[in-house]
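Single-structure report; data block below.
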Amino acid sequence: MAELLQFAFSGLTVGAVYALVALGFTLIYNASDVINFAQGEFVMLGGLVTVFLLAAGLPLPVAALLAVVASTLVGLALYRFAIEPARGANAVTLIMITIGASIFLRGAAQVIFDKRYHSLPPLFGDTPIRFGGAAILPQSLVVLAGALVIVVLLWAFVDRTLFGKAVLATAANKLAARLVGIDTRLTVGFSFAISAAIGAIAGILVTPITLTSYNIGTLLALKGFAAAMLGGIGSAVGAVLGGLLLGLLEALSAGYLSSEFKDAVAFIVILAVLFVRPQGLLGRARVERV
Amino acid sequence: MLRIENLHSGYGRIEALHDVSLDVSAGEVVALLGANGAGKTTLLRAISGVQPVTSGQIRFEDRRIERMPAHRRVLLGIAQVPEGRQLFAPLSVEDNLKLGAWTRRASDLTADIAGIFAMFPILSEMRHTAAGALSGGQQQMLAIGRALMSKPKLVLLDEPSMGLAPILVDQIFNIVAQLKRSGQTILLVEQNARAALAIADRGYVIETGRITVGGDAATLLADPRVQSGYLGV
C-alpha cells in the first residue's frame, strides 16, 4: 500500500508536468490547428534560463520571472516568424516547421548554455514528508499546486474575460472571428505566448526534482502529445486528465514492471488510443447542427 | 456609403470577380442576385476583407479599404452575416452577441443585448445555450443579432433564407424589412430573388463574376432577363 502511494505520488508529479505540456499543445492546436512539437523546448528554456540567471547572481524569483518572460518571447517569435508566414500550409508542413524550431532551440540552448544537467534549489527544502508510509518531496506538492493554480487561472481567464472568449472564438471559427472584428493574429499569437509561459513555469517547478538539460524537450513534447491524445486532442480538461493518467501509468509500470519500460508507456498509449478510441477520452463533443 | 469600382478577385489562378462595380447609398437596401457560384459570396467576402482583391477599389465613406485588414473594416462600420451563419458553436448565445460587439470596447452591453432579445425573443430563452445547439432559424437570428451588436453602418447579409423552412424565411425577411424601416443600410445577397426585390430599393444581377444588370427594384422585377433567369416567369 505504501509502495502504491509512493508510485502514485511520483506519477502525479511527473503527470502534472505532462498535463501542462499537453495543455500547451491544446491551446496552440485550438487556436491555429498547429501541433507544436517545440512545446517541450519551452519547458527546457524555463528551467535552464532560471538556472543560469540564478548562477549569474539574480535572486530566484527574479530569475524565474525573467525565464518565463524569455520563453514567452520565444513562443511569440515562433508564431510570428515561423508559423504565421506559413499560414494556409497543410498540417504536415506546419508540424515539420515546429520540429525544425524544436531542433533549432535545442541547438541554440546547447551553444548558449551547456550540455550538462542542472538543478534548482527546491522551494521548501528537500526533507521528504512522511505520508501513509510514503515519502513525498515538498517540491512535488509545489509542482501539483502550481499546475492547479495555472489550470484555474486559465479557466477563469477563458470563462470570465471577453478577451478569453475571443481566444475561444478564434479557436471555434477563425473566419467568424475575423468578421466580428477580432484581430486573429493577436489572439493566435497570444495562445502561443501563453503556451510558452505555461511550459516555462512547468520547467521551473519540476527542475528541482527531475533536473534539466538542453535536450529534455523532445521526450517531454512526445509525452505531452501522448497525454493530449489520450485526453482527446483539443480538449483542455482532457489534456490535464491525460497528463496525470500518463504520469501515473509511467510510475506504476516503472515500479511494478521495470523502469526500462517507463518511456515506452507514452508510445503504447498513443498506439492504444489510435486503435481503440481515436478521439481520446474526452474527444471534442460535436454539438454543431448543420 | 459603399462604392466598388472595377474590382477583380479570385481563388488562385481562377478569377471569380471580373471588373465588378457597384454602389450602396446610406439608408438603402440593395439586393445582389445571382445563381450558385456567380460570385455573390466572393464579393461580400472581398468587402469584409477576408478575400484578397487583385485589383480595383473598394471605398467606404470615401476611404479606400481594399487593402485594410478585416478587423479594421468592422471598426469602420461594416458587419457581415456570413453564409452558413458561422457562429461560435461552443460558445453561448450571449457570448456570441458579446463578441459581436468586440470592436466597440463597450463595458456594458446589457442594453444592446436586450435590444437584440427584443427583436428575437426566442434567443432570450436560450441565452445560455451553446450556439451550435440552436435550430437553423435560431442560428440565423443569432448571426444577424451578432452582426448588429457592432452597431454597423452597413450590414452585408449573405443568403439569410438559405436552408430554412418557409415560415422562418418569412420571419427573417420581416426582420430585414424592420431593419430597413429603422434606416439600416443593407447589401442583401439572395437566391430568393422575388422576396429580395420586394424589400430592396435597388438591385444588381451578377453572372459568372460580372454585374450584368443593375437598377431599381421595380425595374428589375419587370426586366425580362431577370424574370426568365431569376423569377421563373
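Of note:
- Paramagnetic label zone (point 7 Å from Cα along Cα-to-C-beta, A:Asp263; backbone N under 19 Å) in segment A:23-45: A:37-45
- Of all aspartates and glutamates in the structure, those lying under 20 Å Cα to Cα from A:Lys262, and not within fewer than 8 positions of it along the same chain, are A:Glu3, A:Glu250.
- Pairs from A:Lys165/B:Lys151; A:Lys165/A:Lys223; A:Lys174/B:Lys98; B:Lys98/B:Lys180; A:Lys174/B:Lys40 whose Cα-Cα separation, in the structure shown, is over 25 Å: A:Lys165/A:Lys223
- For B:92-104, mean number of other protein chain Cβ atoms within 10 Å: 4
- The Rg/Rh ratio for chain B is 0.96, where Rg is the radius of gyration of the alpha carbons and Rh is the Kirkwood radius.
- Globularity index of the protein assembly as shown is 1.16 (Cα radius of gyration / 2.2 N^0.38 Å, N = number of residues).
- Counts of other chain beta carbons within 10 angstrom of each beta carbon in peptide B:82-91 average 6.
- Angle in degrees between helix A:236-256 and the longest Cα principal axis of chain A, rounded to the nearest 10: 30 degrees
- A protection proxy built from the mean count of other Cβ atoms within 10 Å ranks the segments B:160-172, A:238-250, B:37-49, most packed first, as A:238-250, B:37-49, B:160-172.
- Using bins of 5 Å that start at zero, the share of Cα-Cα pairs per bin across segment B:92-204 amounts to 2, 11, 23, 23, 21, 12, 6, 2, 0, in whole %.
- Once both labels are positioned 7 Å from their Cα atoms along Cα-to-Cβ, the gap between A:Trp155 and B:Asp19 label points is 6.2 nm.
- Across segment A:79-222, Cα-Cα distances exceeding 24 Å account for 50% of all pairs.
- Rg over Rh [alpha-carbon atoms, Kirkwood Rh] for segment A:59-157: 1.08
- Within segment A:2-276, the proportion of Cα pairs with more than 33 Å between them is 19 percent.
- When only alpha carbons are used to place a centre, segment B:9-35 and segment B:191-219 end up 11 Å from one another.
- Neighbouring Cβ atoms from other chains, within 10 Å of the Cβ of residues in A:165-174, number 5 on average.
- Sorting the segments A:55-66, B:186-197 by their residues' average number of neighbouring beta-carbon atoms within 10 angstrom, most packed first, yields B:186-197, A:55-66.
Quick note: the coordinates plus some simple rules give every number you see, no bench work behind them. Keep in mind the model is a prediction, meaning the values are calculated, not measured. So basically every Cβ, Gly included, is an ideal-geometry build from the backbone, and we count neighbours across all protein chains shown.
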